[in-house]
1. Mind checking which residues of the stretch 92-107 are farther than 24 Å from ASN20 by Cβ and in contact (Cβ under 8 Å) with a residue 60 or more places away in the chain?
2. Filter the stretch 71-90 for residues that are more than 11 Å from LEU51 (Cβ to Cβ) and among the charged types (D, E, K, R); which is surrounded by the fewest Cβ atoms within 10 Å (Cβ to Cβ)?
3. Among the residues of the stretch 16-33, is there at least one that is outside any strand (DSSP E or B), within 20 Å of VAL364 (Cβ to Cβ), modelled with pLDDT of 90 or more and over 14 Å from the mean Cα position of the chain (by Cα)?
4. Of everything in the stretch 347-367, what is open to solvent by less than 20 Å² (accessible area, probe 1.4 Å), under 16 Å from PHE416 (Cα atoms) and either more than 19 Å from the chain's Cα centre (by Cα) or not aliphatic (A, V, I, L, M) (or both)? Give them in sequence order.
5. What number of residues within the stretch 92-125 satisfy the criterion of being in a strand (DSSP E or B), more than 15 Å from the chain's Cα centre (by Cα) and closer than 23 Å to ALA261 by Cα?
6. Scan the stretch 65-86 and give yes if some residue there is under 13 Å from LEU159 (Cβ atoms) and polar (S, T, N, Q), otherwise no.
7. When the residues of the stretch 47-90 are narrowed to those that are touching a residue at least 60 places away in the same chain (Cβ under 8 Å) and small (Gly, Ala, Ser), which ends up farthest from GLY382 (Cα to Cα)?
8. ARG340 - would you say it is of a type in the set (Lys, Arg), under 16 Å from ILE309 (Cα atoms) and not in a strand (DSSP E or B)?
Amino acid sequence: MSIKLGCIADDFTGATDLANNLVRAGMRTVQTIGVPDAPLRGDADAVVVALKTRTLPACEAVAQSLAALHWLREQGAEQIYFKYCSTFDSTPEGNIGPVTDALMTQLNTAFTIATPAFPDNKRTVFKGYLFAGDVLLNESGMQHHPLTPMTDPNLVRVLQAQTTRKVGLIDYSVIAQGVDAIAARIQALQQDGVEIAIVDAVSNEDLLTLGAALRGMPLVTAGSGVAIGLPANWGLSESSAAPRARVPGLQAVVAGSCSTATQAQVAAFVESGRPALALDPLRLAAGEDVVGEALEWAAPRMQDGPVLIYSTAAPEQVKAAQGALGVAEAGAMIEAAVARIAVGLVERGVGQLIVAGGETSGAVVQALGLAQIEIGQQIDPGVPWCAGYSSVAGRDLSIALKSGNFGARDFFIKAFR
């Protein structure tokens, strides 16, 4: 099998988000969980390799990304796409910069672009500044992210702190002039020693224009938004294929994200009167059987409709848990607990599972033994239902992997309609 577009995603929800956009734009797309060690099911125009590297030490993120690149090139990938979050969240040490550097070196390419713009989810870039909705990124709630707080919305500065390559900007005035203007700007930037350029985009039209300008570029780095403009470079257009139907079974939500959007979604579910259970990280740390209690609580309630089990909390509660347990320790402990709960729910008959949070989704997918997933119907921009075979459950499962920041307030409720 020879694929057109080979994608490397730094978390599992981001991989699904990207695959969703590619499918909607006409590409037959398969998402793998990690670098495959078995043949893919059927043919595909694009393969998205989902990694869990967003918050790993930079050296580990680079090693895994290069392994994914090697496999994709073996499959004949014509263009490589490094996908990161639409909030561009990372630390001064990485991982966006170091992974981009390593991929550029391996591909022997002297220039690439970077843009997390995704207007459908209210992520726009203007004059190099990232907006979430109507506010700058550092005013959106991302300044409170427990692992990668974003306090600077200037993406040129953010990326320059992570790379020794010179970072420049292709601003909106260039994008508005079209493909030829973008090509001329790229040439001028390269003459000035720039190797990576942040790109403005405030609409889908901007992304379609940019996509056409990226034809033949060995490496593209972006959020999922740019994906809508790439399939046309291979003569592909919006697919009319029917999405895969959901797998029958009981319904549940597990939420580990503490983002503002997920907090609102948890609140909406609770306000609707549906059953919801909050996990206490301090009880977990004390060795109490929180997982067993949660599964015992859920078992009878799932018979009447979806249930929610969540560790989502306000920033001050997160900080209290981190202060008691340590930042990394608290995150890993909660992820592991939520993953065990997810497995227990599936073992008790759940066939339709929503997972909220990128790191949480990674832990859950790995715990369920999902190696490949197919993209189904979109719930909200960037979040589709997916389906795959769980080697742990021994059956197919419908699963929605929701980035913490994505989805409308009623996402958990409407997803099961």
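The values are calculated or read from the model by the stated rules, or taken from the named source; none is laboratory data. This is a predicted model, so every value here is computed, not measured. Neighbour counts are summed over all protein chains in view; Cβ atoms, including those assigned to glycine, are modelled from backbone coordinates with ideal geometry. The accessibility values were calculated without ligands, DNA or RNA, using every heavy atom of the protein model including side chains. Shrake-Rupley method; radii C 1.70, N 1.55, O 1.52, S 1.80 Å.
1. Looking only at the stretch 92-107, we keep the residues that are farther than 24 Å from ASN20 by Cβ, and these are 92-94, 97-98, 101-102, 104-107.
Correct list: PRO92, GLU93, GLY94, GLY97, PRO98, ASP101, MET104, LEU107.
2. Among those that are more than 11 Å from LEU51 (Cβ to Cβ) and among the charged types (D, E, K, R), it is GLU74.
3. As a first pass, look at the stretch 16-33 and keep what is outside any strand (DSSP E or B): 16-28.
Narrowing further to those that are within 20 Å of VAL364 (Cβ to Cβ): 16-20.
Applying the additional criterion that residues be modelled with pLDDT of 90 or more yields 16-20.
Remaining after also requiring over 14 Å from the mean Cα position of the chain (by Cα): none.
Taking every residue of the stretch 16-33 in turn, none turns out to be outside any strand (DSSP E or B), within 20 Å of VAL364 (Cβ to Cβ), modelled with pLDDT of 90 or more and over 14 Å from the mean Cα position of the chain (by Cα).
4. VAL350, GLY351, GLN352
5. Filtering the stretch 92-125 for residues in a strand (DSSP E or B) gives 94, 112-115, 118, 123-125.
Checking the rest, the ones that are also more than 15 Å from the chain's Cα centre (by Cα) come to 94, 112-114, 124-125.
Pick out the ones that are also closer than 23 Å to ALA261 by Cα and you get 124-125.
Of the residues in the stretch 92-125, 2 are in a strand (DSSP E or B), more than 15 Å from the chain's Cα centre (by Cα) and closer than 23 Å to ALA261 by Cα.
6. Residues of the stretch 65-86 that are under 13 Å from LEU159 (Cβ atoms), as a first pass: 82, 84.
This time we only want the ones that are polar (S, T, N, Q), so: none.
No.
7. Looking only at the stretch 47-90, we keep the residues that are touching a residue at least 60 places away in the same chain (Cβ under 8 Å), and these are 50, 52, 54-55, 68-69, 72-73, 75-90.
Those left that are additionally small (Gly, Ala, Ser): 50, 68, 76-77, 86, 90.
Values: ALA50: 15, ALA68: 23, GLY76: 27, ALA77: 24, SER86: 10, SER90: 20 Å.
My answer is GLY76.
8. Details: of a type in the set (Lys, Arg): yes; under 16 Å from ILE309 (Cα atoms): yes; not in a strand (DSSP E or B): yes.
Against the criterion (of a type in the set (Lys, Arg), under 16 Å from ILE309 (Cα atoms) and not in a strand (DSSP E or B)), ARG340 qualifies.
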